[in-house]
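The values are calculated or read from the model by the stated rules, or taken from the named source; none is laboratory data. Only a predicted model underlies this, so the values are computations on that prediction, with no experimental measurement involved. Ideal geometry is used to build each Cβ from the backbone, glycine not excepted, and the neighbour counts take in all protein chains shown. Note: accessible area is taken over every heavy atom of the protein model, side chains too, but ligands, DNA and RNA are not part of it. Shrake-Rupley method; radii C 1.70, N 1.55, O 1.52, S 1.80 Å.
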Amino acid sequence: MANKIIFPESFLWGAATASYQIEGAWDRHGKGESTWDRFSHTPGKIRNNDTGDVANDHYRLWKKDIGLMRKIGLQAYRFSISWPRVLPAGRGKVNQKGLDFYSKLVDELLKAKITPFVTLFHWDLPQTLEEEGGWPNRSTAEAFVEYTDVITRSLGDRVKNWITHNEPAVVAWMGYATGHHAPGLKDYGLGVRAAHHLLLSHGQAVPVIRRNSPDAEVGITLDISWRYPASNSRLDRELVRRDDGKWFRWFADPLYGRGYPSDKVTDFTTMGALPNGLDFVQTGDMDTIATPTDFLGMNYYSRSVYRADGEDNDPQTVFPQPKMPEHWTEMGWEIYPDGLTSILGRVYFNYQPRKLYITENGASYSTPPDEKGNVADELRTHYLRTHFAAAHRAIQMGVPLAGYFVWSLMDNFEWSWGYMQRFGLIWVDYESQRRILKDSAKWYRRVIRKNGF
Ligand code: FCB
């Protein structure tokens, strides 16, 4: 048998979810409409026209769900707050019922000795703010700070771990530039402006959180894929530069005080996305964005291999590796644990965050319950085991990785994929709202108990 892998003593084992993906109750108790409500209610946007209207009915079943977290033995739980549930119009009047929901959730988690990690924004923007221009508009950042103030004044005595944003790159590029996500706009100029205001709102929110939540730790979560050229050719490497710049450096560089990467300013200018240059960047913004934080959250799932198909090809074209089913999850994402070791090393040694969390990692497999009601999802267990081991190698290299959140606690609404993709440690029957601990959850319970495997 291979050597045992044991994690540092204070290592935190958790699981993650997001409000729109699990809560349902989209218009209950005074909740306002979000951009994801609007988007999913627009025919043709989501596979099968699925919506998050009911989702996992977690708004009603939250106590049971905490019971299941206890069964797995989770030490931490990362969830997000629905902004329009608390501020239905995005700013101004507070919906007390919405705030009470999260307050009770936090109390019950603490009672269960599960540390809450709260994400303030996991994509469900109040629709009223979108109608004023959404993230491309500077006033959305101001509204975010007001929302942050409301939440942290109410929960800041009990919640001590805060994540401002989840994957701002996905919001900017998929929400505003390609339109695959809410609000579904297709304009790179809007995407670049959205990115700036997401980052700005993060920097402006950090001191507000610190004021309202003494001794709290604050960070932001970025999506991080290991981007890799298929060969050492100039064109393949050029593809990696472009995408790594757009998805990662455009966010990480300003957060760590380096400003926007100049090669990407050139790219965006060439694309016509900066008709008036960086006119939306005001004096002091870059310092605000670089406000020191306590940790960086990383969501890692896969690597991307880039190949330009010969010297004359347009280097925008990306050719994935040929698909071998045993190496790909049902999302069509390659299983590549070494990428996690590599990216943790790169990010830590290059940017020097004080510490890191894997705020999401997991795999989509639709393995259903068998006749006995067991969900034998050994593919997921294998995915998690190899990725935990990859994270452990990074720790041995000196990376201060402090915890790991499996995506996801339970099957849920997977954005434009609807309910087809199942990432959960817990099976959800959406008809009956029955939940079943999958075999991977039982395996995870043992890992947590032993702090390794
Ligand atoms: C991430 C999202 C998360 C989930 C996973 C699969 O990009 O943050 O909500 O959908 O992908």
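A few notes on this one:
- For segment 436-453, putting each phi into the Karplus relation 6.51 cos²θ - 1.76 cosθ + 1.60 with θ = phi - 60° gives couplings of 10, 5, 6, 4, 4, 5, 5, 5, 4, 4, 5, 4, 5, 4, 8, 6, x, 7 Hz, in residue order, rounded to whole numbers and with x for Gly and Pro.
- Full extension of the chain between K64 and S366 gives 106.4 nm of extra length, using 0.36 nm per residue less the Cα-Cα distance.
- Amide hydrogen neighbours beyond the local backbone of F117, cut-off 5 Å, H modeled: Y77, R78, F79
- Ellipsoid fit via the Cα gyration tensor, segment 1-54: semi-axes of 39, 16, 8 Å, each the root of five times an eigenvalue, largest first.
- Within straight-line reach of K372, meaning a Cα separation under 13 Å, sit the following aspartates and glutamates at least 8 residues removed in sequence or on another chain: D439.
- The helix-based estimate of mean residue ellipticity at 222 nm for the chain, built from -39,500 (n - 2.57) per DSSP H run of four or more residues and divided by its residue count, is -11500 deg cm²/dmol to the nearest 500.
- Long-range lysine pairs (8 or more apart or interchain), segment 43-118, Cα under 20 Å: 13
- Look at the dipole of the chain built from charges on Cβ: of F268, A402, Y336, the Cα furthest out on the positive end belongs to A402.
- Packing here is the average count of other Cβ atoms within 10 Å per residue, and on that basis the peptides 196-202, 279-285, highest first, run 196-202, 279-285.
- Beta bridges per DSSP, both residues in the chain: antiparallel share near 15 percent.
- Whole-Å semi-axes of the ellipsoid equivalent to segment 62-131 (Cα gyration tensor, √5λ, descending): 27, 12, 8
- When peptides 393-401, 70-78 are ranked by their average number of other Cβ atoms within 10 Å per residue, the highest-first order is 70-78, 393-401.
- Taking amide H as placed 1.01 Å from N in the peptide plane, the amide H of M331 sits under 5 Å from that of S364, each at least 5 places away or on another chain.
- Applied to segment 257-268, the Karplus parametrisation 6.51 cos²θ - 1.76 cosθ + 1.60 on θ = phi - 60° returns per-residue 3J(HN,Hα) values of x, 9, x, 6, x, 5, 5, 7, 4, 4, 4, 5 Hz, with x for Gly and Pro.
- Which of V94, I81, A216, positive extreme of dipole for the chain (C-beta unit charges): A216
- Rg(Cα) / (2.2 N^0.38 Å) computed for segment 114-177, rounded to two decimals: 1.21
- Ignoring aspartates and glutamates fewer than eight residues from K160 along the same chain, the ones with Cα atoms less than 14 angstrom from its Cα are D107, D215, E217, D294.
- In plain terms, the chain from D439 to R354 could stretch by 27.1 nm, reckoned as 0.36 nm per residue minus the Cα-Cα distance.
- Model label sites at S432 and D263, defined 7 Å from Cα along the beta-carbon direction, differ in position by 5.5 nm.
- Cα lying deepest toward the dipole's positive end in segment 114-170, options I114, I163, T148, charges on Cβ: I114
- Cβ-placed point charges (K, R +1; D, E -1), dipole of the chain about Cα centre in debye, nearest 20: 1680
- Cross-link reach is defined here as a Cα-Cα straight distance under 17 Å, omitting same-chain residues fewer than 8 places apart; for K442 the aspartates and glutamates meeting it are D65, D370, D377, E378, D411.
- Cα coordinate range in segment 1-126, projected on the principal axes (Å, largest first): 53, 34, 24
- Residue-count net charge about Y430 - beta-carbon cut-off 13 Å; Lys, Arg +1, Asp, Glu -1: -4
- Centroid-to-centroid separation of segment 33-105 and segment 130-202 [C-alpha atoms, Å]: 17
- Kirkwood hydrodynamic radius (C-alpha pairs) into Stokes-Einstein, the chain, 4 °C and 1.567 mPa s, D in µm²/s: 58
- If R0 is taken as 30 Å, the Cβ-Cβ distance between R346 and D157 corresponds to a FRET efficiency of 0.20.
- Highest mean first, the peptides 185-191, 380-386, 354-360 sorted by other C-beta atoms within 10 Å per residue fall in the order 354-360, 380-386, 185-191.
- Dipole in debye (nearest 20) - segment 135-209, about Cα centre, beta carbon charges: Lys, Arg +1; Asp, Glu -1: 60
- Of the listed residues D370, D309, D267, the order by accessible area with a 1.4 Å probe, largest first, is D309, D370, D267.
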